[in-house]
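Only one structure is covered here, and it is reproduced in the block below.
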Amino acid sequence: MSENLYERLASGFPEDRSAACFIFADGSEASYAALEAGVSRAAGLMIAKGVEPGDRVALQAEKSPEAVMIYLAALKCGAVFLPLNPAYTAAEVAYFRTDAEPKLFITDAQGFLAEAEGAQPLARPIPRTASDLAAIIYTSGTTGRSKGAMLSHGNLAANAVALHEIWGFSRADVLLHALPIFHVHGLFVAMHCAFLSGCPMIWLPKFSDAEVLAALPKATVMMGVPTFYTRLLANPAFTREAAGHMRLFISGSAPLLTSTFSEFERRTGLRILERYGMSEAVIITSNPLDGERIAGSVGYPLPGVELRIAGDAPSTASRSPSPVSGGGTGVIQIRGPSVFAGYWRNPAKTAEEFTADGWFVTGDVARRDIDGRVWISGRAKDLIISGGYNVYPKEIELVIDELPGVAESAVIGVPHPDFGEGVVAVVIGEGEEAALIAAARRQLAPYKAPKRVVFVDDLPRNAMGKVQKNQLRERFRDLFAG
Ligand code: AMP
């Protein structure tokens with residue numbers, strides 16, 4: 001039997017294909033029939049352009065129904081989908097193109113679908129096995145070089161089916177979709193739940209508190225990053241009544257502050273359901289739908305996911321895979337059907353991140369309580385998450401170190417009231433803060449560029465000469481306060 005993920009997702013589409021798939025802010029709709037027809041034509045055009053099973057199809061475009069059609073068409077014709085953030089600069093994109101060697105690189109989703117009008121539609125999905133690749137998701141590495149996480153049809157199907165089940169999705173739902181679709185959260189987690197239940201999505205090109213507030217009375221579920229929730233809470237119109245039609249608010253991609261969780265409950269009477277995941281395994285743990293959702297905990301491993309806490313020092317995690325017993329803190333390791341196949345063309349990195357006995361080392365530091373709930377306390381590798389996006393300090397440091405007047409830099413994330421964490425460059429050297437920020441912005445996507453640059457005489461180091469970022473984070477923790 002074919003395990004093509006598109007076939008699996010389409011099995012959830014409503015029998016009446018005239019039902020809405022996308023509901024836009026102006027109230028207009030696009031049906032599941034339109035989605036399906038667009039997917040078949042786009043898949044036909046991909047094949048006409050020589051795309052064969054296993055070939056990569058890259059898309060760097062703004063969020064749109066056409067972009068979704070291209071994603072699903074890539075699955076349908078057996079290609080490997082490669083989504084890219086539209087904010088990436090040419091230099092960043094050049095790297096992905098060289099590394100992934102896409103057969104097609106699409107930047108104009110509407111133009112592609114228009115061209116597909118003339119293509120012979122692909123009626124049946126190309127058969128795939130569970131282990132065939134469905135997508136490559138690039139996650140920047142701490143070394144500054146991006147790694148492509150290879151996700152298979154089986155990985156994505158297993159996760160989608162589990163989430164659809166545990167979050168209680170049904171045809172009666174209306175999913176409020178305000179996330180970007182170049183990242184696993186908006187692309188896989190949110191959309192797959194909607195497709196498997198055949199429910200409509202209220203389709204917002206990006207998050208805006210005003211548009212979300214206007215849509216809430218028609219929605220039942222929203223998925224968001226913590227920033228969505230802090231922004232909603234900052235709007236006085238976000239009240240118990242405004243959220244009254246919603247059955248579920250889900251948060252992930254970055255830690256949800258306990259204060260946000262509590263304020264949200266006070267304001268709406270609802271508890272945000274926090275879950276934890278990553279590109280390499282999609283969703284790993286979730287708070288329960290029925291049962292207590294606890295602030296600060298990311299809940300329990302998903303059905304089928306095995307999770308253990310290993311080692312007690314993050315830096316030695318991969319070398320000491322022995323599980324910690326009795327509620328100790330260590331690095332989360334996982335095994336299960338959604339865990340990715342490895343990094344694209346990078347067997348050395350893949351080998352580094354899996355233990356000898358086959359567990360994936362997530363790099364996230366956590367403990368499990370007596371009930372089995374997981375509590376994340378930090379990130380082993382100093383990853384910064386700003387507005388829900390990952391920023392890898394090393395990549396930013398490499399750019400800043402090249403700027404005139406800079407001798408050395410250390411990039412850290414410190415608490416930011418809006419973004420969760422704000423990117424700060426601590427620099428040895430001389431120059432103007434504004435000029436350095438402007439220069440960095442010319443080479444980096446806006447979310448990666450530092451929001452502040454501070455000049456210091458020296459960086460704190462340990463005996464091995466390694467910069468002590470925890471000390472810097474402590475020293476500058478109030479930079480964005482107030
Ligand atoms: P990405 O691969 O872009 O999805 O980023 C994955 C990383 O985001 C994880 O390894 C965690 O460090 C972090 N993350 C995701 N969800 C949560 C959460 N609920 N709480 C804390 N950290 C999270």
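Quick notes on this structure:
- A simple rule links phi to the HN-Hα coupling: the Karplus curve 6.51 cos²θ - 1.76 cosθ + 1.60 with θ = phi - 60°, which for the stretch 394-408 gives 4, 4, 6, 4, 4, 6, 5, 4, 7, 6, x, x, 9, 8, 7 Hz, with x for Gly and Pro.
- Basic side chains Lys and Arg get +1 at the Cβ, acidic Asp and Glu get -1 at the Cβ, and with that the dipole of the stretch 11-148 about its Cα centre reaches some 480 debye.
- Residue by residue, the stretch 119-131 carries 3J(HN,Hα) couplings of 8, 6, x, 8, 6, 10, x, 5, x, 9, 8, 4, 8 Hz when phi is fed to the Karplus relation 6.51 cos²θ - 1.76 cosθ + 1.60 (θ = phi - 60°); x denotes Gly or Pro.
- Contact order normalised by residue count of the chain, Cα under 8 Å, 6+ apart, percent: 11 percent
- Residues whose amide H falls under 5 Å from that of Gly363, counting only those 5 or more places apart or on a different chain, are Ile332, with hydrogens built in the peptide plane.
- Amide H contacts under 5 Å for Leu176: Ile202, Thr220, Val221, Met222, Met223, restricted to partners 5 or more places along the chain or on a different chain, H placed in the peptide plane at 1.01 Å from N.
- Measuring with a 1.4 angstrom probe and ignoring ligands and nucleic acids, Thr129 comes out at about 70 Å² accessible.
- Gyration tensor (alpha-carbon) shape descriptor, the stretch 17-132, a/c threshold 1.5: oblate
- For q = 0.08, 0.13 Å⁻¹, Debye-computed log10 I/I(0) when each Cα of the chain counts as one equal scatterer: -0.48, -1.33
- Amide H contacts for Val80 (H built 1.01 Å from N in the peptide plane; partners 5 or more residues away or on another chain; cut-off under 5 Å): Gly54, Asp55, Arg56, Val57.
- Projecting the Cα atoms of Gln471, Ala425, Asn390 onto the charge dipole of the stretch 383-475, computed from C-beta unit charges around the Cα centre, puts Asn390 farthest toward the positive end.
- Ellipticity estimate at 222 nm from DSSP helix runs (n ≥ 4, -39,500 (n - 2.57)) divided over the chain, nearest 500: -8000 deg cm²/dmol
- Net charge over other residues, Cβ less than 13 angstrom from the Cβ of Val212 (K, R count +1; D, E count -1): +1
- All aspartates and glutamates inside 16 Å of Lys147 as judged from Cα atoms, apart from same-chain residues fewer than 8 positions distant: Glu92, Asp99, Glu101, Glu280, Glu352, Glu353, Glu395
- Efficiency of FRET between Arg171 and Lys394 - r from beta-carbon atoms, R0 56 angstrom, step 0.05: 0.75
- Whether the stretch 383-475 is rounded, prolate or oblate, judged on the alpha carbon gyration tensor where a/c under 1.5 counts as rounded: oblate
- Rounded to the nearest Hz, the phi-derived 3J(HN,Hα) couplings of the stretch 28-35 under the Karplus curve 6.51 cos²θ - 1.76 cosθ + 1.60 (θ = phi - 60°) are 6, 9, 10, 8, 5, 4, 5, 4, where x marks glycine and proline.
- Net charge of the neighbourhood of Ala116, taken over other residues with C-beta under 15 Å away and scored Lys/Arg +1, Asp/Glu -1, is -2.
- Each Lys and Arg Cβ is given +1 and each Asp and Glu Cβ -1; about its Cα centre, the stretch 325-415 then shows a dipole of about 400 debye.
- Simple point charges give the picture: +1 on the Cβ of Lys and Arg, -1 on the Cβ of Asp and Glu, and for the stretch 5-273 a dipole about the Cα centre of about 480 debye.
The values are calculated or read from the model by the stated rules, or taken from the named source; none is laboratory data. Everything numeric here is computed off the predicted structure, so don't read it as measured data. We place every Cβ from the backbone using ideal geometry, glycine too, and count neighbours over all the protein chains shown. Just so you know, the surface numbers come from the protein's heavy atoms only, side chains and all, with ligands and any DNA or RNA stripped out. Shrake-Rupley method; radii C 1.70, N 1.55, O 1.52, S 1.80 Å.
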